[in-house]
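Any read-out appearing in this document is the output of simple, stated calculations on the displayed coordinates, not a laboratory observation. The structure displayed is predicted, hence computed values, not measured ones. Ideal geometry is used to build each Cβ from the backbone, glycine not excepted, and the neighbour counts take in all protein chains shown.
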């Protein structure tokens with residue numbers, strides 16, 4: 001199975017910003033991290049609210065992804 005994995009060390013830019021919540025929907029403001037390559041291409045996002053909703057198995061997770 002070890003042949004099924006490839007890894008590479010790359011340089012990325014980590015940007016941390018405050019995402020405002022929507023109080024009417026019960027979504028808190030929180031710090032979100034986004035990751036970009038050195039050419040400015042978006043790679044990934046880490047939103048702690050999504051992690052929390054996934055842990056709780058919330059049906060609202062899809063709603064938050066679509067915002």
| Can you list the residues of segment 1-29 with backbone N under 11 Å from a point 7 Å past the Cα of residue 38, pointing along Cα to Cβ? | 10-13
| note | Most exposed first, judged by fewest Cβ atoms within 10 angstrom, 38, 49 run 38, 49
| remark: If the chain between residue 13 and residue 45 were fully extended at 0.36 nm per residue, the gain over the current Cα-Cα distance would be 10.4 nm
| FRET efficiency, 1/(1 + (r/R0)^6) with R0 25 Å, evaluated for residue 3 and residue 54 via beta carbons | 0.25
| task | Arrange the following residues from fewest to most other Cβ atoms within 10 Å of their Cβ: 34, 24. | result | 24, 34
